[in-house]
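The values are calculated or read from the model by the stated rules, or taken from the named source; none is laboratory data. Since the structure is predicted, the reported quantities are computational estimates derived from the model, not experimental observations. Note: ideal-geometry Cβ built from the backbone for every residue, glycine included; neighbour counts use all protein chains shown. When the accessible area is computed, the model is the full protein with side chains, heavy atoms only, and any ligands, DNA or RNA have been set aside. Shrake-Rupley method; radii C 1.70, N 1.55, O 1.52, S 1.80 Å.
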Amino acid sequence: MNADATPDWAAASPLLPGATLGVVGGGQLGRMFTLAAKVMGYQVVVLDPDPASPAGQLADTHLKADYRDAVALLRMGSLCQAVTTEFENVPAESMDMLARHCRVAPSAAALAVAQDRLAEKTHARASGCETAPFANIETAADLDAAWERVGAPALLKTRRMGYDGKGQARVNSRGELDAAFAQLGDVPCLLEGFLPLEREVSVVLARNGLDEIAFFPVAENRHRDGILDVSIVPARIPADLAERARDMAAHLAREMEYVGVMAVEFFVLKDGRIVFNEMAPRPHNSGHYTLDACATDQFQQQVRALCGLPLGDARLLSPVVMVNLLGDVWRPQPDWRALLGHAGVQLHLYGKAEARPGRKMGHYNCLAPTLTRPWASPRKPGPPWASAATDQSL
Ligand code: AMP
């Protein structure tokens, strides 16, 4: 791809408040985009088949249809001046169809890279990022060569549709590789070397069509059972490492001619190296801290980038810890009064009626002058449902 090229519409006049914006997908990311767009005076159309979708509840128009529904896509394209997405697995043909009628960002081509771990890691390497050693596996006939190349210990990951640690298996021997490939459904996979991680960090950035880039501070992320548990910001890594992460993320975005908000996840290894893991072509759970702790949040940046407006100041205003709230802690509901008794806590709930284990119901941001147990005070102990990982890690 040509790094100098910008989309045709980039130089066109920006879309000003009053215009109608669309988002494909009505989950919590779509909901927070909708809120940001409404605050800025835009109309919002959401496409999501779920009649109770978190974003659909707040949109001006909720098109309750499948993401491939040609009639709904046509309606969306005719109602909206610009459309974005809140998840990477939206069919590329749907975005292409929309692009015939209105501005679409990120592009179907950028989504296609992020949808496929092979394309993603190949792009990252071509852009100068280090990755884990990996080998492509299309069919069982590729297993021997992949094992030869990567060896133990390894992780087998489906190339598509993996998220929150799903669609992957740890593999320690050639025999386990056979079993894991069958267990994942004989679908195309990547075999990846298992790296000695010290930390996981992410960079969320926004790029508009005029090649302006705004970086949010690097977040340090802790996961539990494969799902993001807490983000700690600023990440506790040396400044030069944080700068390298930002540079790599910017390079990846430019090389893809990316327009919108993008998150890039990196591993910091025990020997100090920083290694690309994956990218998300949208705002990201690890960027939710920006809602309360940055001068501009990631969803407002998404609106600005989509509309061809100048990007906002992404500066961190306060150290912050973001804690995810999964359905597991609804017994029947968390003790909101205890949580909100901490003056630095900001609560965000996504309007989901049914709490299920592992389902992201909301999150809270804890702001404090320092990162050391930001909610702790002699009078008020930490929230009782704060995860074990959270309690131990700060
Ligand atoms: P992913 O779906 O690629 O983000 O992987 C989910 C989680 O698995 C990551 O957040 C890491 O904790 C872990 N992981 C993924 N790939 C590797 C790797 N190559 N080496 C060690 N841990 C990994």
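Just a few scattered comments:
- Three-way shape call for the stretch 122-266 based on the alpha-carbon gyration tensor, with the a/c threshold at 1.5: prolate
- Charge dipole (debye, nearest 20) of the stretch 65-217; +1 at Cβ of Lys and Arg, -1 at Cβ of Asp and Glu: 260
- Per residue, the solvent-accessible area of the stretch 20-114 (1.4 Å probe, heavy atoms of protein chains only, all protein chains present) comes to 36 Å².
- Max mean-square fluctuation residue, GNM over the chain, Cα-Cα springs under 10 Å, options 48, 144, 297: 144
- Whole-number Å³ per residue for the convex hull built on Cα positions in the stretch 197-391: 123
- Highest-fluctuation residue, 215, 194, 33 considered, GNM on the chain with Cα pairs under 10 Å: 194
- Estimated from helices alone, the mean residue ellipticity of the chain at 222 nm is -7500 deg cm²/dmol (sum of -39500 (n - 2.57) over DSSP H runs with n ≥ 4, per residue).
- Ranking 360, 64 by solvent-accessible area of protein heavy atoms (1.4 Å probe, all protein chains present), from largest to smallest, gives 64, 360.
- Rounded to the nearest 20 debye, the dipole size of the stretch 122-195 about its Cα centre is 220 debye, using +1 on the Cβ of Lys and Arg and -1 on the Cβ of Asp and Glu.
- For residue 350, net neighbour charge (Lys/Arg +1, Asp/Glu -1) across residues whose Cβ lies under 9 Å away: +3
- Compared with the rule-of-thumb size 2.2 N^0.38 Å for a compact globular protein, the stretch 133-193 has a Cα radius of gyration ratio of 0.94.
- Charge tally in the Cβ shell below 12 Å around residue 174, where Lys, Arg are +1 and Asp, Glu are -1, residue 174 excluded: -4
- Given charges at beta-carbon only (K, R positive; D, E negative), |dipole| of the chain in Debye: 1140
- The stretch 254-321 - Rg (one decimal) and Dmax (whole number), Cα, Å: 13.6, 42
- If you take all other residues with their beta carbon under 12 Å from the beta carbon of residue 94, and give Lys and Arg +1 and Asp and Glu -1, the sum is -2.
- Among 346, 197, 180 - extreme Cα towards positive end, dipole of the chain, charges at beta-carbon: 346
- Take the Cα radius of gyration of the chain and divide it by 2.2 N^0.38 Å, N being the number of residues; the result is 0.98.
- Annotation: amide H-H contacts under 5 Å for residue 104 (H modelled 1.01 Å from N, sequence separation of 5 or more, or interchain): 83.
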